[in-house]
Each structure stands twice: as structure tokens, then as C-alpha cells.
Amino acid sequence: MHLKALCALVAAAFALTACNKSETPAEVQHDVASAQAEAQRDVADATADAKEANADADKNVADAIADNDADDVTEQARDANETADKGNERIKVAKAEAAHKVAVQKCEALTGAPQEECKDDAEKTLDQAKEAAKVNR
Amino acid sequence: MMPNLTRTLLVAAALGSTALAGCVSTHDSQSSSRESPAASQQTAGEVVEDGVVTAKVKARLVDDPVTKAYQINVETFKGTVQLSGFVDSAEARARAQQLASNVGGVKDVKNSLEVRKPEG
């Protein structure tokens, strides 16, 4: 039983040491570039999705106007505003996540406690940006 | 023979230049007559888009706790939204402008809302 616990502790210690290892500058540069490219794609996707959703919602408003249905116009206009708000929030979150991915990769250049601190800061920044995106909806 | 040919050529040239001049003047009159109304006329697509923008701005104003208390008129022309009517504070006026500005498809907002303090 003691042996098993000891093994688990040793394994955990090795794992932790491995986690906090710094990458070489070349590895960091490569990973940051990959993260930036991926992040740009994510933001572009979120923007394109929002644009498509807004166009659909606007078409529904236009159809309601064409039908001369005042109640439906109001309802569809509200839906269109809601769709636009959600789209804007998703774009803001995608941008925040994009910045987070890059920030985390940059943390890999550090080691030990500074690396942990760097990653914690990146998490906090992401959480704050997500909250701000919700509030500004 | 030669004078006849010369005369024929002269007449043809005169006719040709008159026709060309006619074409140019027709084109000019069309373009000048088209130019001025273009600024004030809309395509069917623009009318629909402006209607959609108006509906969305109205929905925003009606749903907002600050602006819902007022009867605010909204008109849209080529993406420019005009707000008119009366509100009782500068804050409400500014809020209405902010809400309208944030609606998708709005290019500009002309805020003609007047602040009129309630009597008494």
C-alpha cells in the first residue's frame, strides 16, 4: 500500500516537473504562430456566422414588413436585435479566446512559478473579457 | 462628278457630326437629369433595408427602460436614422442616440429629439 502511494507521488512529481518545463525559443515561436493562425480562423468563423445569422434575421423582419403585420414586425425586429447581440458577444469571446491561446503559448517560454503565474493571468484576462462581452451585449 | 462627290461627302460629314452631337447632348441631359434625384431616391432594396433598420431601432427604443417612456419617431433614409419627438432629459436623448447607433445597418444618426422638461 505504501509502495503504491510512493509510486503515485513520484509519478505526480515527475508530471508536475514536466508541466512546468520551458520550451525552446524556436518551439515557442512555432506554437505562438500556430495559435495565432488558429485564432484568426476562429474569429473569422465567428464573424462569418454572425453575419449570416444577422442576414437571416433581417430577412425575417423584411418579410414581416411585406406582410404588413405590425406585431410580427416588432417581434422579428426584437429577434434580429437579439441575434445581433449574440453574434457580437460570440465575436468578442472568439477574440478573447484567440488572445488567450496566443498568451498561453507565450507562457511556455517561462518555467516554474513564473510560467504558472503567466498562465493564471491569461485565464483571468480571458474570464474578464468573457464577462465584459456579456455585460456589453 | 468631283463637285458632286465633295458635296455628298460634306453633307454626310455634317449629318454625322449632328448625329454625334445629338447623341452627346442626349446622354448629357439624361445624366444630368438623373444625378440630382439620385441623392433623394432609393432603390427597392434600400427601401426594404431602411424599413428593417427602422423596425430594429424602434424595438430597441421600446425595450429600453430609459427610452420606452417616450414616443420617439424613427425615420431611416439610406441607413441614416433620424430620431424626433420630445424627451424630458439630456440623458434620455443621448441614450436614444446610443441605442440607435448600435443597431446593425445604421450608418449615421441624426438626433432631432428635443428635451422638454415636464411642467409643474
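Of the residues B:GLU114, B:GLU119, B:GLU46, which is under 13 Å from the mean Cα position of the chain (by Cα), surrounded by fewer than 19 Cβ atoms within 10 Å (Cβ to Cβ) and charged (D, E, K, R)?
B:GLU46
How many residues are among the acidic types (Asp, Glu) and assigned to a loop (DSSP other than H, G, I, E, B) if we restrict to the stretch B:90-120?
Adding up the residues that qualify gives 1.
Please find, within the stretch B:57-78, the residue that is nearest to A:ARG78 (Cα to Cα) out of those that are within 12 Å of another protein chain (Cβ to nearest Cβ) and out of contact with any strand residue (DSSP E or B) (no Cβ under 8 Å at 6 or more places or on another chain).
Per the criteria, the residue is B:ALA59.
Which condition breaks for B:GLN98 when tested against (1) over 19 Å from A:ASN60 (Cβ atoms); (2) loosely packed, with under 13 Cβ neighbours inside 10 Å; (3) within 14 Å of chain A (Cβ to nearest Cβ)?
B:GLN98 satisfies all of (1) over 19 Å from A:ASN60 (Cβ atoms); (2) loosely packed, with under 13 Cβ neighbours inside 10 Å; (3) within 14 Å of chain A (Cβ to nearest Cβ) except (2).
Collect the residues in the stretch A:32-67 that are in a helix (DSSP H, G or I), more than 17 Å from the chain's Cα centre (by Cα) and of a type in the set (Asp, Glu), keeping them in residue-number order.
Result: A:GLU52, A:ASP56, A:ASP58, A:ASP63.
From the set of residues in the stretch A:105-137 that are under 12 Å from the mean Cα position of the chain (by Cα) and touching a residue at least 12 places away in the same chain (Cβ under 8 Å), which is farthest from A:THR24 (Cα to Cα)?
Here the residue is A:ALA133.
Here are B:VAL103, B:VAL66, B:VAL87: which of them is modelled with pLDDT of 85 or more, closer than 22 Å to A:ILE65 by Cβ and not polar (S, T, N, Q)?
Details: B:VAL66 fails: closer than 22 Å to A:ILE65 by Cβ; B:VAL87 fails: closer than 22 Å to A:ILE65 by Cβ.
None of the other options fit; the residue is B:VAL103.
Does the stretch B:54-66 contain at least one residue that is small (Gly, Ala, Ser) and surrounded by fewer than 21 Cβ atoms within 10 Å (Cβ to Cβ)?
No, every residue in the stretch B:54-66 fails to be small (Gly, Ala, Ser) and surrounded by fewer than 21 Cβ atoms within 10 Å (Cβ to Cβ).
The values are calculated or read from the model by the stated rules, or taken from the named source; none is laboratory data. Fair warning: this is a prediction, and the values are worked out from it, not measured in the lab. All Cβ positions, glycine included, derive from the backbone under ideal geometry; neighbour counts span all protein chains shown.
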